[in-house]
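Colleague: One structure, as structure tokens, below. Some questions next.
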Amino acid sequence: MDSEIKEEIPVHEEFILCCGVETQVLKCGPWTDLINNQSGTRPKLLIFIIPGNPGFSPLYVPFAKALYSTTKRRFPVWIISHAGHALAPRGKKVLKSSEDPNAEEIKDIYGLHGQVEHKLAFLRTQVPKEMKLVVIGHSIGSYFSLEILKHAPELPLTLPTLGAKK
């Protein structure tokens with residue numbers, strides 16, 4: 001039964017040009033555009049997954065579906081690929097991201113610092129400023145998550161803690 005529920009959960013794939021690099025974003029739930037959705041149905045929280053290497057988003061789809069199902073489908077779950085780790089299939093439209101006015105040119109987009117800046121630019125241009133974020137990182141994605149906390153204290157971020165005593 002659990003696998004049946006997970007199968008019917010919608011997953012939308014987008015390729016966005018972020019910091020000049022094609023970026024795959026998998027979006028679990030009906031919300032594909034949070035910035036332009038001003039309706040009362042816009043969620044107040046986004047669960048954002050940053051994968052470990054090789055930065056391949058589809059590996060995290062079962063986990064994203066389980067999270068989405070566990071939260072009773074109230075909050076979108078998005079997974080972002082690492083910059084340069086996924087290319088759009090031939091004929092697939094690549095959406096242009098609006099530019100972050102605070103962004104500087106990222107010289108080493110494929111390095112550690114560049115990957116952090118890439119995720120920050122995505123969050124700043126694709127997620128409303130007032131929306132709360134739960135960021136889940138796996139392996140190097142955890143490092144990126146911590147760096148995002150350090151470099152963007154203005155973002156309303158929460159990192160889940162596993163095994164914490166109450």
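The values are calculated or read from the model by the stated rules, or taken from the named source; none is laboratory data. Since we're looking at a predicted model, the values are computed, not measured. Because the Cβ atoms are built from the backbone with ideal geometry, glycine has one as well, and the counts that use them run over all protein chains shown. Quick note on the areas: whole protein, heavy atoms, side chains included, nothing else; ligands and nucleic acids left out. Shrake-Rupley method; radii C 1.70, N 1.55, O 1.52, S 1.80 Å.
Colleague: If I take every Cα pair under 8 Å that is 6 or more residues apart in the stretch 1-155, average their sequence separation and divide by the length, what percent do I get for the relative contact order?
Modeller: Relative contact order of the stretch 1-155: 30 percent.
Colleague: On to the next question. Compute the convex hull volume of the Cα atoms of the stretch 28-166, divide it by the residue count, and report the result per residue in Å³ as a whole number.
Modeller: Here the figure is 142 Å³ per residue.
Colleague: Now, a different point. Mind jotting down the distance between the C-alpha centroids of the stretch 11-26 and the stretch 103-130, whole Å?
Modeller: 13 Å
Colleague: Express the carbon and sulfur contribution to the solvent-accessible surface of the chain as a percent, rounded to the nearest whole number, probe 1.4 angstrom.
Modeller: Of the solvent-accessible surface of the chain, carbon and sulfur hold 56 percent.
Colleague: Considering only protein heavy atoms, what per residue accessible area in square angstrom results for the chain with a 1.4 angstrom probe?
Modeller: Each residue of the chain exposes 57 Å² on average to a 1.4 Å probe.
Colleague: If you don't mind, another one. Looking at the stretch 1-144 only, what percent of DSSP beta bridges run antiparallel? Nearest 5 please.
Modeller: The antiparallel proportion sits near 50 percent.
Colleague: Okay, next question. Taking the Cβ-Cβ separation of GLU8 and ILE35 as r and a Förster radius of 22 Å, what is the calculated FRET efficiency to the nearest 0.05? Let's see the in-between values first.
Modeller: Numbers: r = 27 Å, r/R0 = 1.22.
E between GLU8 and ILE35, to the nearest 0.05, is 0.25.
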